[in-house]
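The values are calculated or read from the model by the stated rules, or taken from the named source; none is laboratory data. Quantities reported herein were computed from a predicted structural model and do not represent experimental measurements. Because the Cβ atoms are built from the backbone with ideal geometry, glycine has one as well, and the counts that use them run over all protein chains shown. Accessible surface areas use protein heavy atoms only, side chains included; no ligands, DNA or RNA. Shrake-Rupley method; radii C 1.70, N 1.55, O 1.52, S 1.80 Å.
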Amino acid sequence: MDKSKRPFLKSKRSFRRRLPPIQSGDRIDYKNMSLISRFISEQGKILSRRVNRLTLKQQRLITIAIKQARILSSLPFLNNEKQFEKSESAARTTGLKTKKKIGLLFN
């Protein structure tokens, strides 16, 4: 059979329709931290609409709510806990090296 004359074949794969991340009863508000925290990455960034599977209107409302929560200090602007731990441990090791050098100088 020629490729151009081949009839359109539907795939037999079935897929499960995902539930929307925001139900109709959920209120998008800066006070609703359990809802807002689902749409923020580990680094504190707002996830994209494609990743969240939200409508355009829902994404706008989530973005506004996240920004309001950040301004009111309910949410941090950045989540640097891992980076802070790394820099803190690096400072500790450099401090030990300098103490050893000082100890060697005076001995």
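Counting only residues that are polar (S, T, N, Q), surrounded by fewer than 13 Cβ atoms within 10 Å (Cβ to Cβ) and more than 8 Å from the chain's Cα centre (by Cα), segment 25-45 holds 2 of them.
Among the residues of segment 56-75, the one identified as open to solvent by 70 Å² or more (accessible area, probe 1.4 Å) and hydroxyl-bearing (Ser, Thr, Tyr) is Ser73. What helices (runs of 4 or more DSSP H), lying completely within segment 30-107, carry at least 2 residues that are modelled with pLDDT of 90 or more? In segment 30-107, 33-36, 49-52, 56-71 are the helices (runs of 4 or more DSSP H) which contain 2 or more residues that are modelled with pLDDT of 90 or more.
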